[in-house]
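Everything below concerns the one structure shown next.
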Amino acid sequence: MSYLKTRKRLASLMLVFLLFSGVLSGGCTRRPKTPTPTTAAPYTEEASKDYEHFEEAQLKAQAEFSQLMEELFHDEVSNSQIDLHFMLKDPSAYGIDKAQNIYNEFTLEAIKEAEEDQQKLLKQLDSFDPALLKEDQKLTLRVLQSLLRTEAKSSGLELYSQPLAVTIGVQAQLPILLSEYIFYRRQDVEDYLELLAGIDEYYAQLLDFQRLKSENGLMMSDLLLDHLIESCEGYLLAPGDNFMVDTFNSRLENLPELTEEEKAAYRRQNEALLQSDFIPAYQLLIDGLNGLRGTGQEEKGLCAYPQGKEYYEYLVYSNTGTSYASIEELLKDMELTMDKQLVQTSLMLRFHPELAEELDNYSYRQTDPGAIMEELKVLSQEEFPSLAECSYTLKSVPKSLELALSPAFYLVSPIDDYQDNVIFINENPRFASNELYTTLAHEGYPGHLYQNVYSHTHTDSKIRHLLTFKGYSEGWATYVEHLAYTMDNGLKPEMGELLAANSVATLGLHACLDVYINYMGWNRDQVKEYLEQYYDDPGALTDALYIAMIENPSNYLSYYVGYMEFMNMREAAQKKLGEHFDPKAFHTFLLDMGDAPFDVIQAYFTVWLEEQEKK
């Protein structure tokens, strides 16, 4: 489960849930309209008994499904303390006293055991007759079946997992979670300190897993290893004055039940654990990774490994939930979508040549982060359904972590406390060229924050609150980010169209390279030749993009393929409904579906579109 929803380069947080991902091979067909009889059907005793048996079977299946979902929710949400805390503000209200572990176990044996459990669950789910379930249960069933069937694609490829990575790895993002670990009550402070005390053992498991990868010829190259070690070095915090101390102290102040003496004792304990466990945990990673130097291969894409191409295919379907039948078919449409946006930029510059000169000095109406959020909140009301009232806090990424984290990210709120939301902005100069306005549309309104709060207030299924499909969540945020360029934001409409098309085309280029490098096996020379179609002199960009794709295979596809799936549905709806197309109705349908794989959504979309056509 991912708690951080992010922009561009940051995707899933950590494998805290060894849950499931999959593709439902079946689909939803349109239900035939029931004809109205001209005369009443004759009553028979057999017909009455058949109906009673059917009704009895319905009630039994619905109750059994509800019970299974309740047990699954409890098992998953309470598996680790960090899961439990970030998903539920008040676990006791859900009948949960304590988590089973402080961190999820990350070993080869644990992964395989989870896979076995997943397949047992899939068999249970397949035993249900959808015709006997309620409509919301049918949707949950299809989502879970899809999820589990995709996850089954990784069977036998467990050692290809990469929990340690520069910006999307456990070691890069866990400190942010710890610094945002809210203290609702005294026990939360105790749990937090227990997490700090156990981080060295947890990281030792991750390092052992990395050693196992090395022993099996699956170690990363030394160049990527250097990048990973550099990211770890940012967490060797100086004693006393650092964000892990500052955030802890400020959270303590919000606990009135503690005396000043108790607060002082907790402060001392926190600083002691940072020195005795937290910092040594990162030093352990650094020393252990250095010990693996020279055991990896040259910098090549994932397909260079023995079963790398097979694993990449799994990653694509897991991280996008795409409805496309093959990667080749997907890549073809990715290229077409990118080319379409490039043609759009070309046409905009041809018919509006003044835009080329204005690219260096255009500006949005609002430039302050808070003002941008408030404006987007108002503008979103025009084409998106109303949202329950909630609050948000904008925070800056700690200076010491700026190089290890992404331009911005959203911290997912608990299921039972959707009102309070947090968005982090990375103010490092390397992100100075990022559009803050559209970044906040991606993270806030109508992006991650909006979609998350809507889901919490419109989805009854508790288990679905635990499931994150990156293709949907990042695709939605990218889709609305694209729309934000052309909202009433102070830009000339033509400039907004140009920037939107250019942004999507740039992301598309990254996504296509991801496939070419990790699935097709392109080398640097091939990447350079490809980039020369779009840049006069790609220069250092060739190496930068080549390494970025190797470090995080399929990451860009979560954003681009998800965006593409949403746009495919929108264009289909616009084509079929013409002037009767209603953006708000379309967005309401997508949001009501909730976080799900696109093969599931597409089936429901077909029915929705036919119903809209009849109106």
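Observations on the structure shown:
- Segment 406-551 gives an Rg/Rh value of 1.03, both radii derived from C-alpha positions and Rh following Kirkwood.
- Kirkwood analysis of the Cα pair distances in the chain returns a hydrodynamic radius of 25.9 Å.
- Cβ-Cβ FRET estimate between Glu233 and Asn523, R0 fixed at 30 Å, reported to 0.05: 0.50
- Mean Cβ count within 10 Å, highest first, over the residues of peptides 68-79, 166-177, 118-129: 166-177, 68-79, 118-129
- Net charge contributed by nearby residues that have their C-beta within less than 12 Å of Arg267 (K/R +1, D/E -1): -3
- Of all lysines in the structure, those lying under 23 Å Cα to Cα from Lys528, and not within fewer than 8 positions of it along the same chain, are Lys8, Lys300, Lys309, Lys332, Lys340.
- The charge dipole of segment 154-205, taken about the Cα centre with unit charges on the Cβ atoms of Lys, Arg (+1) and Asp, Glu (-1), comes to about 140 debye, rounded to the nearest 20.
- Extreme residue, positive dipole direction of segment 345-404, given options Ser363, Val397, Met373 (C-beta unit charges): Val397
- Size of segment 557-615 as Cα extents on the principal axes (Å, biggest first): 34, 17, 17
- Peptides 204-210, 261-267 ordered by average Cβ neighbours within 10 Å, highest first: 204-210, 261-267
- With all projection directions averaged, the alpha carbon convex hull of segment 138-237 covers 9.5 nm².
- Relative frequency of Cα-Cα separations exceeding 16 Å in segment 229-342, percent: 76
- Given +1 at the Cβ of Lys and Arg, -1 at the Cβ of Asp and Glu and no other charges, the dipole of segment 185-238 around its Cα centre is 120 debye to the nearest 20.
- Top positive-direction residue, dipole computed over segment 504-615 with Cβ charges, set Ile517, Phe605, Tyr535: Phe605
- Our helix-only sum for the chain, with -39,500 (n - 2.57) per DSSP H run of n ≥ 4 divided by its residues, gives a mean residue ellipticity at 222 nm of -19000 deg cm²/dmol.
- Inter-site label distance for Ala371 and Ser276 at 7 Å from Cα along Cβ, in nm: 5.0
- Over segment 86-153, the ratio between the Cα radius of gyration and 2.2 N^0.38 Å evaluates to 1.41.
- D (Stokes-Einstein, µm²/s), Kirkwood Cα radius, segment 473-514, 1.306 mPa s at 10 °C: 147
- Note on segment 240-302: dipole from Cβ charges, positive end direction compared against Tyr266, Ala281, Leu292; the farthest Cα belongs to Leu292.
- Counting only Cβ charges, +1 for Lys and Arg and -1 for Asp and Glu, the dipole size of the chain around its Cα centre is about 960 debye.
- Spin-label zone in segment 63-84 - amide nitrogen under 17 Å from a point set 7 Å from the Cα of Asp416 along the C-beta vector: 70-84
- Two-site FRET efficiency, Leu577 against Ala264, from Cβ-Cβ distance with R₀ of 51 Å, rounded to 0.05: 0.20
- Protection proxy ranking of 356-368, 467-479 - average other beta-carbon atoms within 10 Å, highest first: 467-479, 356-368
- Computed on the Cα trace of segment 456-615, the radius of gyration divided by the Kirkwood hydrodynamic radius gives Rg/Rh = 1.03.
- Amide N of segment 72-113 lying under 12 Å from the label point, which is placed 7 angstrom from the Cα of Glu180 along Cα→Cβ: 86-87
- For segment 254-301, fraction of C-alpha pairs farther apart than 18 Å, in %: 59
- Taking a sphere under 12 Å around the Cβ of Glu76 and counting the other residues whose Cβ falls inside, with K and R at +1 and D and E at -1, yields a net charge of -3.
- Glu116/Ala388 FRET efficiency (R0 35 Å; Cβ-Cβ; nearest 0.05): 0.30
- The residues packed around Leu483, meaning those with a beta-carbon under 12 Å from its beta-carbon, carry a net charge of -4 if Lys and Arg are +1 and Asp and Glu are -1.
- The Cα-based radius of gyration of segment 45-136, divided by its Kirkwood radius, gives an Rg/Rh of 1.14.
Each reported figure results from applying straightforward, stated rules to the coordinates on display, with no laboratory input. These numbers come from a predicted model, not from an experiment. Quick reminder, even Gly has a Cβ in these numbers, built from the backbone with ideal geometry, and neighbours come from all protein chains shown.
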